[in-house]
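Below is one structure, written out as structure tokens, with a few remarks after it.
The values are calculated or read from the model by the stated rules, or taken from the named source; none is laboratory data. From a predicted model like this one, the values you see are computed outputs, not experimental measurements. With ideal geometry, Cβ positions are generated from the backbone for all residues, glycine too; neighbour counts draw on all protein chains shown.
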Amino acid sequence: MRAVARRLATIVPTLIGVVIVTFLLTRVLPGDPAAYFAGPTADQASIDQIRAALGLDQPLPVQFAAYVKDLATGNLGNALSTGQPVLTELAARLPASAELTLTALLISMSIAIPLGILAAVKEGSFIDHVCRVVTTAGVSLPVFFTGLLFVYVFYYLLGWAPAPVGRLDVYFTEPERITGFFTIDSLLAGDLETFRAAASQLFLPAATLALFSLAPIARMTRASMLSVLSSEFIRTARAAGLRSRTVILAYAFRNAMLPVVTTLGMVFSFLLGANVLVEKVFAWPGVGSFAVEALIQSDYAPVQGFVLAMALLYVALNLVIDLVYGLIDPRVRLEA
Amino acid sequence: MSTLLDVKALTVEFATRRGTVQAVKRVDLEVAKGETVGVVGESGSGKSVTSYAVMRILDRAGRIADGSVAFSGLDLRAATERQMTDLRGREISMIFQNPRMALNPIRKVGRQIEDVLRRHAQAGSMDARAKAIEMLTQVRIARPEERYHAYPFELSGGMCQRIVIALALACRPQLLIADEPTTGLDVTTQKAVMDLVSELTKARGMSTILITHDLGLAAAYCDKVVVMKKGEVVETAGAREVFAAPKDDYTKRLMRATPRPGSTLRGLLPEGTAPAERPAAAGSGETLLKVEGLLKEYPRQGVSKTWRQMFGGGAAATDEAPFRAVDGISFEIARGESLGLVGESGCGKSTTSMMVMRLLDPTAGKITLGGDDIGAIPARSFAASKHRRRIQMVFQDPTDSLNPRFTAARAIADPLLRMSALKGRHAIRTRCEELATLVGLPLDLLDRFPHQLSGGQKARVGIARAIALDPELVILDEPTAALDVSVQAVVLNLLDDLKAKLGMSYLFVSHDLHVVRLLCDRVIVMRQGRIVEEGTSEKVLEAPEADYTRELISAIPHPPV
């Protein structure tokens with residue numbers, strides 16, 4: 001555990017940096033939240049009053065001290081647009097984003113990794129070309145386009161998918177909150193009807209995101225497999241008569257996994273913060289759209305909260321990846 | 001004796017960008033039961049490709065174009081891929097050069113042996129582990145139960161090769177193909193590994209094909225030798241006949257070029273081409289380099305305890321005492337003298353040369369060059385020191401030590417641009433051409449990139465670069481280890497001529513005592529950071545005092561004189 005503790009200690013400076021940078025960035029952005037919330041007809045006096053109430057008339061260091069003090073007590077401030085505490089908002093929306101992203105990643109991995117392995121094993125064959133076409137198409141179609149296309153085809157034309165109205169159709173009640181993932185919570189509650197409804201809502205947006213993230217995963221798997229397959233220990237394994245299945249999966253793929261895991265981590269964190277467009281198309285109540293709205297309104301607290309939450313997630317994710325590295329490759333443990 | 005493997009008129013082609021290339025041309029090779037056949041040749045002779053063709057594990061670009069391969073009466077060219085995978089590892093198996101790379105880096109070595117045993121149904125899930133440990137015992141791995149859990153990176157090169165041998169012999173094959181099995185290993189390890197292979201194969205009545213560039217190795221371990229050159233067999237004969245009375249000119253040239261007791265530097269070159277023997281120019285007696293009490297310590301490293309607790313496995317417990325790579329050594333080099341620094345890997349010879357080169361700071365000790373205390377200058381700022389140009393280095397791998405994006409001329413000009421007073425394109429080019437002439441590099445090659453040059457030509461570029469600034473001391477770090485023997489012969493002669501012409505001193509770092517003897521006046525033998533023997537080359541080689549030196553000398557295989 002000491003290695004983990006030491007690894008965690010390195011996070012502290014990162015977080016301090018994130019806190020300072022997000023604070024400064026939101027202050028540097030153009031726009032005046034006091035004026036925005038006072039409304040277009042407000043006079044200078046009422047704007048000043050709101051500004052004083054928000055503490056925005058104080059000098060920056062004082063504002064920063066107040067912000068850090070609040071952070072220390074777990075208070076991320078209130079979102080002016082909704083009036084709710086930022087922490088509550090994030091707690092409600094983060095699982096929505098995470099559920100969408102994780103599902104997308106699972107779909108993507110289950111297609112991209114086998115595709116990448118096949119493309120590498122049969123380099124230059126038909127399947128290799130299929131891999132190239134699929135990944136190129138996936139990455140070059142913008143997500144809002146594929147999202148809209150999916151809605152048009154599967155909802156409007158075919159009627160296979162439910163209306164894109166968020167996480168759950170209005171006729172269903174949200175399952176009791178345990179993990180915040182509707183699919184898992186409904187299963188835990190034993191409510192199959194709700195599970196089916198949640199899963200069907202989830203499928204189209206997840207597929208949209210998955211299509212987009214196919215490319216990096218499949219390409220990295222292919223490249224990594226190719227280099228491992230040409231290494232000397234693969235020749236030894238072949239010369240020892242091991243079956244090609246064993247050679248490819250137990251010998252080559254495990255060695256090829258390190259760069260793939262790295263890519264997975266990057267794709268995950270990228271998708272989590274950047275799927276605003278998909279959230280918009282499918283009316284998904286995720287963190288991305290929440291943050292963008294707050295930013296447009298110069299609402300400092302939610303933006304700061306969002307960036308901080310993302311930074312924490314990213315740090316946690318990297319920690320997990322480092323630990324997975326150690327599990328895959330005994331040599332990495334030396335450096336830990 | 002009945003024939004086990006019969007290769008007839010084998011031709012292997014490779015599809016390259018420049019069209020089809022025949023790597024192996026109409027090669028005949030016959031291996032009888034219980035016989036050890038050496039396949040000898042320099043790089044590009046097609047000796048490895050022949051064996052890959054027999055195993056049918058050629059790259060995708062390669063294919064058997066013609067000929068026949070029969071193993072125990074079975075036509076291997078006509079066999080299905082399925083039959084071949086059954087055959088590989090069970091009937092014919094292979095061991096490779098660079099054993100560490102030949103093992104799966106992230107699988108426990110015991111598991112890798114198990115994989116082969118299970119694949120060929122020599123063991124089930126119940127007894128696989130016991131059988132794998134039994135194999136480890138047979139290849140003389142100490143503490144086999146513990147080593148079963150080791151990963152290749154935790155084992156030495158010699159131990160890795162034992163594991164590869166265990167893998168290859170696990171299913172009791174009839175034929176073992178050993179492809180340069182000891183290249184890159186120390187001589188004593190080489191001897192141990194080869195003795196093990198020959199003992200195990202003899203005990204099992206197996207046949208062996210030993211592929212090697214080392215005539216000495218072939219002479220010591222083979223019954224029959226096949227000499228290959230550019231994809232063709234030039235001579236096949238009993239081992240004794242080949243060395244006693246080589247028939248082919250190429251075999252004769254190879255024989256001459258292989259250093260052995262009694263051979264001279266000039267004698268390595270093909271007959272008729274060697275210049276007259278030069279009277280040995282001894283050192284002037286004036287001391288150039290003086291090293292006193294040189295010491296280098298490193299903190300010990302090992303798998304952290306945490307990881308071992310969490311995931312199991314791991315190497316021996318970490319020891320807190322620092323490791324002494326170089327343990328207080330002192331020596332001197334006179335002007336015009338060449339000193340050989342010999343020892344096996346890990347003996348501290350490279351660390352010593354790095355400290356003399358001032359790339360590494362010593363923990364303690366003094367290094368003086370012509371009276372100037374260069375040891376006092378930190379390694380970090382030595383590049384900017386005025387003494388920097390007085391010491392130069394020639395590296396082990398002529399390919400890796402050249403920038404692939406620099407032409408030969410640019411590589412040679414590098415030290416001139418950085419440290420000489422020469423200014424202007426023309427002056428530098430003139431100097432480059434002078435240097436190229438000096439090292440015997442044709443001037444039209446100066447504008448080529450490293451990948452367009454042969455190994456010997458790249459070695460010449462490296463040497464020209466090192467002598468560009470007229471250094472007083474040149475450190476030669478195994479400069480010929482990566483070269484074929486015939487090229488090595490030429491390069492060694494070149495180095496000797498240059499030393500006489502330019503009056504430099506050499507510190508020649510090598511593991512090969514025979515090579516050192518040819519080039520050096522005096523030799524230092526190192527072991528575990530200490531000097532175990534020091535003296536003139538003749539004395540150390542002919543009448544060694546230390547047991548370790550004797551062991552080293554006797555471990556070197558050489559063709560009968």
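Within the bounds of the stretch A:11-22, is there any residue that is surrounded by 12 or more Cβ atoms within 10 Å (Cβ to Cβ) and among the small types (Gly, Ala, Ser)? The answer is no; no qualifying residue exists. Taking the criterion of being acidic (Asp, Glu) and outside any loop (DSSP other than H, G, I, E, B), would at least one residue in the stretch B:472-491 satisfy it? Scanning the stretch B:472-491, I find at least one residue that is acidic (Asp, Glu) and outside any loop (DSSP other than H, G, I, E, B), so the answer is yes.
Can you say whether A:Ala294 is away from chain B (no Cβ under 14 Å), on the phi > 0 side of the Ramachandran plot and small (Gly, Ala, Ser), as far as the supplied structure shows? Against the criterion (away from chain B (no Cβ under 14 Å), on the phi > 0 side of the Ramachandran plot and small (Gly, Ala, Ser)), A:Ala294 does not qualify.
Against the condition free of Cβ contacts under 8 Å to residues at least 12 places away in the same chain and within 10 Å of chain A (Cβ to nearest Cβ), how does B:Arg118 come out, does it pass? Yes: the conditions hold for B:Arg118.
Does the stretch A:298-306 include one or more residues that are aliphatic (A, V, I, L, M), more than 14 Å from every other protein chain (Cβ to nearest Cβ) and under 25 Å from A:Leu100 (Cα atoms)? Looking for residues that are aliphatic (A, V, I, L, M), more than 14 Å from every other protein chain (Cβ to nearest Cβ) and under 25 Å from A:Leu100 (Cα atoms), one finds at least one in the stretch A:298-306, hence yes.
Looking at the stretch A:155-184 only, could you name the residues that are assigned to a helix (DSSP H, G or I) and either within 23 Å of A:Leu271 (Cα to Cα) or of a type in the set (Ser, Thr, Tyr) (or both)? Even if it seems obvious, please write down each step before you answer.
Taking the stretch A:155-184 first, the residues assigned to a helix (DSSP H, G or I) are A:155-157, A:182-184.
Across the stretch A:155-184, the qualifying residues are A:Tyr155, A:Tyr156, A:Phe182, A:Thr183, A:Ile184.
Cβ-Cβ distances below 7 Å connect the following pairs, each with a first residue in the stretch B:51-71 that is within 14 Å of another protein chain (Cβ to nearest Cβ) and touching a residue at least 12 places away in the same chain (Cβ under 8 Å), a second residue that is surrounded by fewer than 18 Cβ atoms within 10 Å (Cβ to Cβ) and small (Gly, Ala, Ser), and a separation of six or more residues or different chains: B:Ala61/B:Ala15. Filtered by the rule that a residue be more than 7 Å from chain A (Cβ to nearest Cβ) and more than 20 Å from A:Tyr325 (Cα to Cα), the stretch B:88-110 gives B:Glu91, B:Ile92, B:Ile95, B:Gln97, B:Pro99, B:Arg100, B:Gly110.
For the stretch A:297-306, check the following and say yes or no: at least one residue is free of Cβ contacts under 8 Å to residues at least 60 places away in the same chain and in a helix (DSSP H, G or I).
Step one: of the stretch A:297-306, the residues free of Cβ contacts under 8 Å to residues at least 60 places away in the same chain are none.
No; the residues of the stretch A:297-306 include none that is free of Cβ contacts under 8 Å to residues at least 60 places away in the same chain and in a helix (DSSP H, G or I).
Tell me which residues, restricted to the stretch A:98-117, are among the β-branched types (Val, Ile, Thr) and closer than 24 Å to A:Pro285 by Cα. Result: A:Thr101, A:Thr103, A:Ile107.
Return the total of residues in the stretch B:78-91 being part of a loop (DSSP other than H, G, I, E, B) and loosely packed, with under 12 Cβ neighbours inside 10 Å.
Within the stretch B:78-91, residues that are part of a loop (DSSP other than H, G, I, E, B) and loosely packed, with under 12 Cβ neighbours inside 10 Å number 2.
Right, A:Asp70: free of Cβ contacts under 8 Å to residues at least 40 places away in the same chain, out of contact with any Pro (no Cβ under 8 Å at 6 or more places or on another chain), of a type outside the set (Gly, Ala, Ser) and not in a helix (DSSP H, G or I) or not?
Working: free of Cβ contacts under 8 Å to residues at least 40 places away in the same chain: yes; out of contact with any Pro (no Cβ under 8 Å at 6 or more places or on another chain): yes; of a type outside the set (Gly, Ala, Ser): yes; not in a helix (DSSP H, G or I): no.
Here the answer is no, as A:Asp70 does not meet what is asked.
The single condition among (1) touching a residue at least 60 places away in the same chain (Cβ under 8 Å); (2) within 26 Å of B:Thr407 (Cα to Cα) that B:Leu502 does not meet is (1).
Every condition in (1) farther than 21 Å from B:Ala219 by Cβ; (2) in contact with a Leu (Cβ under 9 Å, 6 or more places away or on another chain); (3) polar (S, T, N, Q) is met by B:Gln528 except one, and the failing one is (2).
Only one of A:Asp185, A:Asp191, A:Asp169 is over 24 Å from the mean Cα position of the chain (by Cα) and among the acidic types (Asp, Glu); which? Going through A:Asp185, A:Asp191, A:Asp169 in turn, the sole match is A:Asp191.
To keep it simple, each residue is scored yes or no on (1) at pLDDT below 85; (2) in contact with an Asp or Glu (Cβ under 6 Å, 6 or more places away or on another chain); (3) of a type in the set (Val, Ile, Thr); (4) surrounded by fewer than 18 Cβ atoms within 10 Å (Cβ to Cβ).
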| site | (1), (2), (3), (4) |
| --- | --- |
| B:Gln301 | yes, no, no, yes |
| B:Arg308 | yes, no, no, yes |
| B:Gly312 | yes, no, no, yes |
| B:Glu320 | yes, no, no, yes |
| B:Phe331 | no, no, no, no |
| B:Ser338 | no, yes, no, no |
| B:Gly343 | no, no, no, no |
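Across the stretch B:156-173, a minimum of one residue is classified as within 14 Å of another protein chain (Cβ to nearest Cβ) and either surrounded by fewer than 21 Cβ atoms within 10 Å (Cβ to Cβ) or of a type in the set (Asp, Glu) (or both).
Please name all residue pairs, on different chains or six or more residues apart, with Cβ atoms under 7 Å, provided the first residue is in the stretch B:406-429 and is modelled with pLDDT under 90 and the second residue is crowded, with 20+ Cβ neighbours inside 10 Å and charged (D, E, K, R). Filtered contacts from the stretch B:406-429: B:Met419/B:Arg388.
Identify the residue in the stretch A:231-245 that is more than 7 Å from chain B (Cβ to nearest Cβ) and farther than 13 Å from A:Asn255 by Cβ and, among all such residues, is surrounded by the most Cβ atoms within 10 Å (Cβ to Cβ). Of everything passing the filter in the stretch A:231-245, A:Ser244 is surrounded by the most Cβ atoms within 10 Å (Cβ to Cβ).
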